[in-house]
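The values are calculated or read from the model by the stated rules, or taken from the named source; none is laboratory data. Just so it is clear, the structure is predicted and the values come from calculations on it, not from any experiment. Cβ atoms come from the backbone with ideal geometry, glycine included; neighbour counts cover every protein chain shown. Heads up: the accessible areas ignore ligands, DNA and RNA and are worked out on the full protein's heavy atoms, side chains in. Shrake-Rupley method; radii C 1.70, N 1.55, O 1.52, S 1.80 Å.
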Amino acid sequence: MLIGKVIGSVVSTRKSEKLIGNKFMVIELAAQMNGNGGGNQMIAIDNIGAGIGEFVLVATGSAARIGCDMENAPIDAAIVGIIDDGSRWM
Amino acid sequence: MLIGKVIGSVVSTRKSEKLIGNKFMVIELAAQMNGNGGGNQMIAIDNIGAGIGEFVLVATGSAARIGCDMENAPIDAAIVGIIDDGSRWM
Amino acid sequence: MLIGKVIGSVVSTRKSEKLIGNKFMVIELAAQMNGNGGGNQMIAIDNIGAGIGEFVLVATGSAARIGCDMENAPIDAAIVGIIDDGSRWM
Amino acid sequence: MLIGKVIGSVVSTRKSEKLIGNKFMVIELAAQMNGNGGGNQMIAIDNIGAGIGEFVLVATGSAARIGCDMENAPIDAAIVGIIDDGSRWM
Amino acid sequence: MLIGKVIGSVVSTRKSEKLIGNKFMVIELAAQMNGNGGGNQMIAIDNIGAGIGEFVLVATGSAARIGCDMENAPIDAAIVGIIDDGSRWM
């Protein structure tokens, strides 16, 4: 899993039916998780209720679909936890 | 998922039978999604009807096959949504 | 999927039984697909009949096994199409 | 698999139910495993009982879920072994 | 698949039960496979009997588990062939 900060969300009106009802959060990876230098972002589904500015645990790949009971949805990243002491990852 | 801009398409006459009928769009990843510096592109199947210049949500890996009801096709990336406010990602 | 140029092949006499009968092509990724700078190569199975110098569509991950009807073989990349206008990707 | 050093852990009180009872260890990849330069970290589940400072073998992707008997959990990295001669990887 | 050179092995006494009996080889990716500059290594299971100094074909991801008949083991990389003309990849 990776740790990142929730920095916003995106809206997609025209999308796969299987994605309806999901929130798409913009995640900025913690610098420690990103060997290429700053700024790497990804979009993750949120079923935990993370807010902007929170540091979260993101699961990627098939773990995001299967581990979040959306086995048949086109999802490859999901927020699966909120880090208690996020300030350590700024 | 990643966000990218549809910048074109490719045609493949000789291809896997399982790919017949699909459109192959050229996606340029948004700079924010690409820690290596500009220019990274990938090819994604499009079932949403995205047009050139639109910013889209791309699912990668097994999510592209299974989440798009093409479980047995050799597909590892698919456009699964069109971003409403694409200008933010230019 | 990624686009690359077929630049050669490799021979492996001692290999997994499940790989017998497959051709292993050396693929050089198109510069546009390779944010790290030139030269990234991978080995892909070829069931399409691509020739040296042709630009091809490569599917990676589980899509290569499952999408090419070799579900139980240790294959993580496969040529799944030949690009009609390859010169664009040189 | 990758080799990394356990450098700490993270706590997540609000998380997926399927993750309850797991420990989330912070892994710093060995320099040899990290072509981008130092510092790349990831979060892995630990079922082996690794301690801070130990060098461990980390399995990623579906191998982490399926190989650790947590097929339905949103887990994409797991500690699967402790390296006997860790000093070699410092 | 990727090509790399077998440069050693690692021993793990405390490990997942499902890994017992496997050899863990240290693979240094061929420079052509590694756009980030020299030195990237990974650990792969060996069922082919590769020796130190040999150049091998490595399958990654679910292909390593499923293609090597270890579907339930936490394995994400496996040596699946030995390259006949390894000198080309030095």
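Being open to solvent by 10 Å² or more (accessible area, probe 1.4 Å) and among the β-branched types (Val, Ile, Thr) is the filter; apply it to the range A:49-61 and report the residue that is nearest to B:Met70 (Cα to Cα).
A:Thr60
Could you tell me which of the residues B:Ala44, B:Ala73, B:Ala59 is more than 23 Å from A:Thr13 (Cβ to Cβ), in contact (Cβ under 8 Å) with a residue 24 or more places away in the chain and outside any helix (DSSP H, G or I)?
Only one candidate qualifies: B:Ala73.
As an exercise: evaluate A:Ile3 against (1) of a type in the set (A, V, I, L, M, F, W, C); (2) closer than 30 Å to B:Glu71 by Cβ; (3) touching a helix residue (DSSP H, G or I) at 6+ places or on another chain (Cβ under 9 Å); (4) outside any loop (DSSP other than H, G, I, E, B) and give the number of the one condition it does not meet.
(2)
Quick check on my filter: what residues within the range E:1-21 are of a type outside the set (D, E, K, R), closer than 28 Å to C:Met42 by Cβ and more than 10 Å from every other protein chain (Cβ to nearest Cβ)?
Across the range E:1-21, the qualifying residues are E:Gly4, E:Val6, E:Ser9.
Could you say which residue among C:Leu19, C:Leu57, C:Leu29, C:Leu2 is among the aliphatic types (A, V, I, L, M) and over 22 Å from B:Ile79 (Cα atoms)?
Exactly one of C:Leu19, C:Leu57, C:Leu29, C:Leu2 is among the aliphatic types (A, V, I, L, M) and over 22 Å from B:Ile79 (Cα atoms), namely C:Leu19.
Report the residue count in the range C:9-29 for those that are assigned to a strand (DSSP E or B) and free of Cβ contacts under 8 Å to residues at least 12 places away in the same chain.
The qualifying residues number 1.
To keep it simple, each residue is scored yes or no on (1) surrounded by 20 or more Cβ atoms within 10 Å (Cβ to Cβ); (2) closer than 19 Å to A:Ala63 by Cβ.
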residue: D:Glu28; (1), (2): no, no
residue: D:Asn47; (1), (2): no, yes
residue: D:Ala63; (1), (2): yes, yes
residue: D:Cys68; (1), (2): yes, yes
residue: D:Ala78; (1), (2): yes, yes
residue: D:Gly86; (1), (2): no, no
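Looking at this structure, is A:Arg65 over 10 Å from the mean Cα position of the chain (by Cα) and within 24 Å of D:Ile7 (Cβ to Cβ)?
It is false that A:Arg65 is over 10 Å from the mean Cα position of the chain (by Cα) and within 24 Å of D:Ile7 (Cβ to Cβ).
I'd like to verify a number: residues in the range E:5-16 that are crowded, with 20+ Cβ neighbours inside 10 Å and farther than 16 Å from E:Ala73 by Cβ, how many?
Adding up the residues that qualify gives 3.
Rundown of residues vs (1) among the charged types (D, E, K, R); (2) within 12 Å of the chain's Cα centre (by Cα), yes/no style:
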site: A:Ile3; (1), (2): no, yes
site: A:Arg14; (1), (2): yes, no
site: A:Ile27; (1), (2): no, yes
site: A:Ile43; (1), (2): no, yes
site: A:Gly51; (1), (2): no, yes
site: A:Val56; (1), (2): no, yes
site: A:Asp69; (1), (2): yes, no
site: A:Pro74; (1), (2): no, no
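Restricting to the range E:44-60, name every residue that is within 18 Å of D:Gly81 (Cβ to Cβ) and more than 8 Å from chain C (Cβ to nearest Cβ).
Residues satisfying the conditions are E:Ala44, E:Ile45, E:Asp46.
Among the candidates C:Gln41, C:Gln32, single out the residue that is facing chain E (nearest Cβ under 7 Å) and open to solvent by 10 Å² or more (accessible area, probe 1.4 Å).
Every option except C:Gln41 fails the conditions.
When B:Ile79 is evaluated against the numbered criteria (1) β-branched (Val, Ile, Thr); (2) in a loop (DSSP other than H, G, I, E, B); (3) under 17 Å from B:Gly21 (Cα atoms), which criterion, by number, is the only one it fails?
Here B:Ile79 meets the rest and fails (2).
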